[in-house]
Amino acid sequence: KTPIISGAAGICYVAALRWRAQLQENSKVAAFDLCFPEANHNAIVPLAEMRKGEFPFVMVMTRDAGDSSRMTKRLDITKSLVATHLEGVIDVWSEGSSPLARLLSLIYLGDYVSLYLALLRGVDPTPVAPIDKLKRELSR
């Protein structure tokens with residue numbers, strides 16, 4: 001499945017960006033990110049209107065108890081609108097008492113997920129040949 005990692009602007013979106021980057025680099029999979037509330041102005045349209053199975057997308061929603069009640073409601077409604085059109089929607093909640101602890105809990109989990117997915121796919125997470133080639137070409 002192709003992951004779409006989403007989060008509310010702030011802690012959760014920062015973590016979502018990291019998840020996307022780690023999945024791409026370590027697991028060698030295509031992955032995308034969405035930031036709420038902006039995603040509700042454009043990305044929700046294709047996600048809520050595609051036929052299930054048309055694209056193998058799964059949405060991972062990074063969540064934080066520190067989100068406002070309005071944002072929590074927005075994410076819950078979005079989830080209900082897209083869930084039947086995607087291959088799955090998974091909530092991943094932060095843990096910890098401070099904003100930094102909650103951010104790091106999401107980041108660490110995403111890092112572990114990316115490494116575990118690489119192992120499941122039989123992929124070595126360390127080489128990044130296309131990046132190395134790009135750097136060589138740019139240095140010329």
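Does region 99-112 include one or more residues that are of a type in the set (S, T, N, Q) and part of a loop (DSSP other than H, G, I, E, B)? Spell out how you get there, then give the answer.
The initial filter retains those residues of region 99-112 that are of a type in the set (S, T, N, Q), namely 105.
Next cut, part of a loop (DSSP other than H, G, I, E, B) only: none.
Scanning region 99-112, I find no residue that is of a type in the set (S, T, N, Q) and part of a loop (DSSP other than H, G, I, E, B), so the answer is no.
List, please: which pairs have Cβ atoms under 7 Å, are six or more places apart or on different chains, and start with a residue in region 103-124 that is under 24 Å from residue 63 (Cβ atoms) and end with one that is of a type in the set (Phe, Trp, Tyr)?
As it stands, the answer is 110/19, since those pairs meet every condition given.
Being open to solvent by less than 30 Å² (accessible area, probe 1.4 Å) and either of a type outside the set (A, V, I, L, M, F, W, C) or without any contact (Cβ under 8 Å) to a residue 12 or more places away in the chain (or both) is the filter; apply it to region 39-80 and report the residue that is nearest to residue 111 (Cα to Cα).
In this case the residue turns out to be 62.
What is the one condition in (1) open to solvent by 40 Å² or more (accessible area, probe 1.4 Å); (2) outside any loop (DSSP other than H, G, I, E, B) that residue 6 does not satisfy?
Result: residue 6 fails condition (1) only.
Looking at region 93-110 only, could you name the residues that are hydroxyl-bearing (Ser, Thr, Tyr) and open to solvent by less than 80 Å² (accessible area, probe 1.4 Å)?
Matches in region 93-110: 94, 98, 105.
Suppose the filter is touching a helix residue (DSSP H, G or I) at 6+ places or on another chain (Cβ under 6 Å) and part of a loop (DSSP other than H, G, I, E, B); does residue 66 pass it?
Details: touching a helix residue (DSSP H, G or I) at 6+ places or on another chain (Cβ under 6 Å): no; part of a loop (DSSP other than H, G, I, E, B): yes.
The answer is no for residue 66.
Give me a count of the residues in region 13-38 that are in contact with a strand residue (DSSP E or B) (Cβ under 6 Å, 6 or more places away or on another chain) and either at positive phi or surrounded by fewer than 16 Cβ atoms within 10 Å (Cβ to Cβ) (or both).
1
Counting only residues that are under 21 Å from residue 1 (Cα atoms), of a type in the set (Asp, Glu) and either free of Cβ contacts under 8 Å to residues at least 24 places away in the same chain or in a strand (DSSP E or B) (or both), how many does region 81-98 have?
Residues meeting the conditions: 1.
The values are calculated or read from the model by the stated rules, or taken from the named source; none is laboratory data. All figures in this text were calculated on a predicted structure; none of them were measured in a lab. Glycine also receives a Cβ, built like all others from the backbone with ideal geometry; neighbour counts cover every protein chain displayed. To get the accessible areas, we keep the full protein, side chains included, count just its heavy atoms, and leave off ligands, DNA and RNA. Shrake-Rupley method; radii C 1.70, N 1.55, O 1.52, S 1.80 Å.
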